[in-house]
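The values are calculated or read from the model by the stated rules, or taken from the named source; none is laboratory data. Computed from a prediction, not measured in an experiment: that's the story for all the values here. Glycine also receives a Cβ, built like all others from the backbone with ideal geometry; neighbour counts cover every protein chain displayed.
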Amino acid sequence: MAKLRKRILHAMKRVWRMVLEEPYRVFFPLGILAGIWGVMLWPMLYAGLLRFYPGEAHTRIMIEGFMGAFVMGFLGTAFPRLAGNRPWSGGEFLILLGLWGMTLASHSQGHIAAGDAAFSAMALTLLATTAGRWIFGNHDTPPPGFALALAGILGAVLAAGFLASNASPTLAQWRWARLLLFQGFLLLPLMGIGPYLLPRFFGMCSSHSFDDSPSPPAGWWRRAIAAIIAGLLILASFALEVGGRSMAGHLLRSAVILVWFALESPVFRRGKISSTPGNAVRWAISGLAAGCVCAAFWPLTRIGSLHLLYTSGFGLITLAVGARVVLGHGGRHDLLAGKILWLRWLTGLAILAATTRMSADFFPAIRVSHHHYAAWTWALAGIIWLAALLRYLFRDEESAKPKSRCPRRQA
């Protein structure tokens, strides 16, 4: 009996250490469950099981709950290693997990302001734990685009805090806050981290990867300035939209997305390998641009059109990147360079969910039924993701060492 207790205690300590060093192991599956819950609010509404209209709650759960969990899990795993610093402490992990849970619970009850307040506190904590490790610790210089990731999180802190505390904002303030929270929080980190991470999907090394150095090495500032300019152009597109020039704002945003990823990643070029994760990323980046273009030309159905941006864009790339992280850390690098049948199905389901939801706004007669179809399609994609990857979430760390030929940061 004593031996059994000792083994259980040892296993619990091992799992706890793995969670602190690689918090994606907890936050990724929780994010998937939040995403499934967020889309199922619509079938619950039509079945009479929900006592409030879930428009705002659905949006918040998908962005602050689903994608927020993936942002935390990814940054909590990657940034301490990239900055040459210690992993999260137990207190940091529990605070972030608790605030995420408060965010999800509040929005699930229709308490939007309380959920935004909890999310703002969570994003501020994440920003402090991330930036603090670089500023105050013994650090290596992170990839040049990580400033955009921090800017996106900072924008979300300010926007969510503003929406939580101001019951009667002006129209311009309201639009700014929603754009920073709903799009800036996701797009800026993706543009910052993507050029460093996405080339690996195609078997290539990144031009944003540099040798370890406590100060920016040669070539780093050129990439960083390019990232900052791209980020400022995204903010300029927000300003155009807030100022009433919605078409110009959406088209500028689409152009920046396409040009940035075309120049700084091999998304639209032939890679060294052809893989399902890489093809999923191609579809996702195209979905981001397509959502902005459709919203520009069909403003009366803007919400439906933007589901291309959110569902087949941000949502699909979140699932694809999450799959690569789990498989890579789970020691299954052999799967990343070829065809993954379940990920192909998931990609198709994400695109189908986005187009089905988009069509509901174009054809009012089928609106309710297509809300149902889109919700169940997205939920199925989430279930497939969990079923395929759950076994790898707590694989032994020794079997999860990267096998990439690329150095961590190469000049």
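The rows are residues; the columns are (1) within 30 Å of Ala350 (Cα to Cα); (2) touching a residue at least 24 places away in the same chain (Cβ under 8 Å); (3) among the small types (Gly, Ala, Ser); (4) buried (at least 18 other Cβ atoms within 10 Å of the Cβ).
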{"residue": "Pro80", "(1), (2), (3), (4)": "no, yes, no, yes"}
{"residue": "Ile95", "(1), (2), (3), (4)": "no, yes, no, no"}
{"residue": "Leu104", "(1), (2), (3), (4)": "yes, yes, no, yes"}
{"residue": "Asp116", "(1), (2), (3), (4)": "yes, yes, no, yes"}
* Asked: Out of the residues in the range 275-323 that are free of Cβ contacts under 8 Å to residues at least 60 places away in the same chain and of a type in the set (S, T, N, Q), which is nearest to Ile36 (Cα to Cα)?
  -> Ser312
* Counting only residues that are aromatic (Phe, Trp, Tyr) and either crowded, with 20+ Cβ neighbours inside 10 Å or under 15 Å from Arg200 (Cβ atoms) (or both), how many does the range 321-362 have? -> 0
* Among (1) in contact with a Gly (Cβ under 9 Å, 6 or more places away or on another chain); (2) modelled with pLDDT under 95; (3) β-branched (Val, Ile, Thr) - the single one Val39 does not satisfy -> (2)
* What is the residue count in the range 38-51 for residues that are surrounded by 14 or more Cβ atoms within 10 Å (Cβ to Cβ) and part of a loop (DSSP other than H, G, I, E, B)? -> 1
* Would you check if Leu240 is touching a Cys at 6+ places or on another chain (Cβ under 9 Å), without any contact (Cβ under 8 Å) to a residue 40 or more places away in the chain and surrounded by fewer than 24 Cβ atoms within 10 Å (Cβ to Cβ)? => no
* Is the range 262-276 home to any residue that is crowded, with 19+ Cβ neighbours inside 10 Å, of a type in the set (S, T, N, Q), within 17 Å of Phe182 (Cα to Cα) and more than 18 Å from the chain's Cα centre (by Cα)? -> no
* Asked: Could you count how many residues in the range 18-69 are more than 24 Å from the chain's Cα centre (by Cα) and among the charged types (D, E, K, R)?
  -> 1
* Flag if Arg86 is among the basic types (Lys, Arg) and modelled with pLDDT of 90 or more -> no
* Asked: Do we have any residue at all in the range 372-388 that's of a type in the set (Val, Ile, Thr), within 19 Å of Leu41 (Cα to Cα) and in a helix (DSSP H, G or I)?
  -> yes
* Please report, ordered by residue number, the helices (runs of 4 or more DSSP H) entirely within the range 118-222 with at least 2 residues that are farther than 18 Å from Phe74 by Cβ. => 146-165, 171-179
